[in-house]
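Data first, discussion second: the structure below is written as structure tokens.
Every read-out reported here was derived from the displayed coordinates using simple, explicitly stated rules and does not represent laboratory data. On a predicted model such as this, the values are computed, not experimentally measured, just so you know. Heads up, the Cβs are rebuilt from the backbone with ideal geometry, glycines too, and the neighbour counts pull from every protein chain shown.
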Amino acid sequence: MAFIGVDLHTNSFTICRIGGDGSEAFETFQLAAADLERFCLSVDAEDEVAVEATGNSAWFCREIRPCVGRIVVVNPRQFQVIRKSVKKTDRNDARALATFLSKDMLPETRLKRAGETELASLAQTRDMLVKSRTRVLNKIHGMFNRHGIKLKKAVFSDKRLRALEIERFSDVERIELTELRDQALQLSAAIRRLDKALEETAAALDGFEEITSIKGIGARAAAIFLSGIGDVNDFATADKLAAYVGIVPRVAASNGVEIHGRITKQGNKLVRTTLVQCTLSAIRYSGYLNTFYRRIKERRGSGKAIIATARKLLTIIYNTLKNNWIFEDFPAFKIKNTRQTAGQTS
């Protein structure tokens with residue numbers, strides 16, 4: 001059995017093959033059908049391959065999976081050996097992956113299924129367009145403020161955008177405002193189309209009906225959660241999922257002293273932001289979450305309370321997906337087609 005590190009690029013990849021006797025061999029292939037076939041013919045069914053997670057790593061893994069025994073996709077944020085190398089070459093990067101693979105010391109990341117990957121990309125595109133629209137609207141607000149005119153927040157609606165009074169501005173400013181207004185309207189229309197696509201695509205995934213039965217989680221938020229979490233069975237506990245999302249505190253322990261800091265924020269930012277937004281909504285409906293939030297707020301303030309409650313909601317999401325729950329009455333934590341109130345992990 002050989003351990004193979006792959007330094008993958010958009011048009012080629014370099015490998016380092018470490019044999020059972022410790023020997024090293026290097027080779028560079030092009031990302032073309034002929035070279036991929038040549039690479040597959042050069043490996044054995046027991047060989048193990050390590051590759052960093054990049055934009056085309058999922059495709060590369062699908063292409064070579066039938067040829068090798070195991071593929072390890074490495075989380076580049078947790079594997080700093082390559083990034084901080086003083087001599088960063090394709091060969092050295094491939095050697096580092098192969099060496100740590102042979103010692104089983106690589107931080108492995110998860111590859112999502114095709115449907116989940118497409119949904120995640122769709123959600124990220126929507127988020128990008130929302131931020132672009134916000135920048136355009138802020139620019140419009142700024143131009144009016146420059147003339148001492150304070151616009152109401154309702155200008156964010158298409159109706160108010162079309163009704164903007166731009167005649168009082170100079171010719172140059174009218175041209176600029178017209179372009180900004182048209183751009184904002186186009187972005188709004190694109191966001192609505194993406195919202196529809198998100199809901200339709202998410203509705204076809206396992207867990208959609210379950211997760212939307214939680215009061216405070218709508219179709220768009222469900223799409224973001226399902227695409228961000230992937231297969232919930234990959235996580236042994238709710239705490240593992242919380243760590244993956246990045247909503248657990250940093251811990252520094254030394255000489256018997258343990259310090260808990262801010263949350264790690266190492267996971268998907270869009271999932272984390274959506275989770276907090278859904279928490280703000282859920283505490284209005286759920287007495288359980290509301291009581292928990294208020295208890296933490298009295299001791300540690302609203303900021304820490306909402307994060308702690310968000311993690312509590314994430315635990316409910318985890319249990320819901322894990323056990324295929326569908327809530328008939330979420331505030332009472334009553335599951336559909338059962339007479340008993342569901343239990344939940346703390």
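If the cut-off is 23 Å between C-alpha atoms, which lysines fall inside it for LYS103, apart from same-chain ones fewer than 8 positions away? Excluding near neighbours in sequence, the set is LYS84, LYS87, LYS88.
Determine one quarter of the surface area of the Cα convex hull of the range 1-108, which equals its mean projected area, and express it in nm² to one decimal.
Result: 6.1 nm².
For the pair ALA45 and ASP206, the difference between a 0.36 nm per residue extended length and the Cα-Cα distance amounts to 54.7 nm.
Across the range 209-222, computed HN-Hα scalar couplings (Karplus, 6.51 cos²θ - 1.76 cosθ + 1.60, θ = phi - 60°) run 5, 5, 6, 6, 7, 7, 5, x, 10, x, 5, 5, 5, 4 Hz from first to last residue, x flagging Gly and Pro.
Looking at the chain, what % of its DSSP beta bridges pair antiparallel, to the nearest 5? Mind dumping the intermediate values first?
On the way: 22 of 31 bridges.
Once the DSSP bridges in the chain are tallied, antiparallel ones form about 70 percent.
Which lysines, if any, have their Cα less than 20 Å from the Cα of LYS139, not counting same-chain residues under 8 positions apart? Qualifying lysines at Cα under 20 Å: LYS131, LYS150, LYS152, LYS153, LYS159. Cysteines in the chain that lack a partner Cβ within the 4.7 Å cut-off: CYS16, CYS61, CYS278. The H on the amide N of GLU27, modeled in the peptide plane, is under 5 Å from the matching H of ILE15, each at least 5 residues off or on a different chain. Ordering of 9-16, 90-97, 273-280 by packing is 90-97, 273-280, 9-16, highest average first (other Cβ atoms within 10 Å, averaged per residue).
Here the convex hull built on the C-alpha positions of the range 183-231 has a volume of 75 cubic angstrom per residue.
Can you quote the Å³ per residue value for the convex hull of the Cα atoms in the range 141-219, rounded to an integer?
Details: hull volume 8.3 nm³, N = 79.
Cα-based convex hull of the range 141-219, divided per residue, equals 106 Å³.
Treating only the Cα positions of the range 70-202 as identical point scatterers, give the base-10 log of I(q)/I(0) from the Debye formula at each q in 0.17 Å⁻¹. For the range 70-202 at q = 0.17 Å⁻¹, log10 I(q)/I(0) is -0.90. Note on the range 246-337: Rg/Rh from C-alpha atoms, Kirkwood Rh, equals 1.04. Magnitude of the charge dipole for the chain, about its Cα centre and with charges confined to Cβ atoms of Lys, Arg (+1) and Asp, Glu (-1), is about 2440 debye. List the lysines whose Cα sits under 18 Å from the Cα of LYS297, skipping any in the same chain fewer than 8 residues away. Within reach: LYS312. Proximity of backbone amide H atoms, modeled 1.01 Å from N, is registered between ILE71 and VAL49 at under 5 Å, excluding neighbours fewer than 5 places apart on the same chain. Between LYS196 and HIS9, the contour length at 0.36 nm per residue exceeds the alpha carbon distance by 63.9 nm. Quick check for me: using +1 on Lys/Arg Cβ and -1 on Asp/Glu Cβ, what's the dipole size of the range 1-148 about its Cα centre, in debye to the nearest 20? It works out to roughly 1340 debye.
Binning the C-alpha pair distances of the range 141-291 at 10 Å intervals from 0 yields a P(r) profile of 9, 24, 24, 21, 15, 6, 1 %, listed from the shortest bin outward. Across the chain, the volume of the C-alpha convex hull divided among the residues equals 232 Å³ per residue. The 3J(HN,Hα) values that the Karplus relation (6.51, -1.76, 1.60; θ = phi - 60°) gives for the range 84-98 are, in residue order, 9, 5, 7, 10, 8, 10, 4, 5, 5, 5, 5, 5, 4, 5, 5 Hz. Gly and Pro appear as x.
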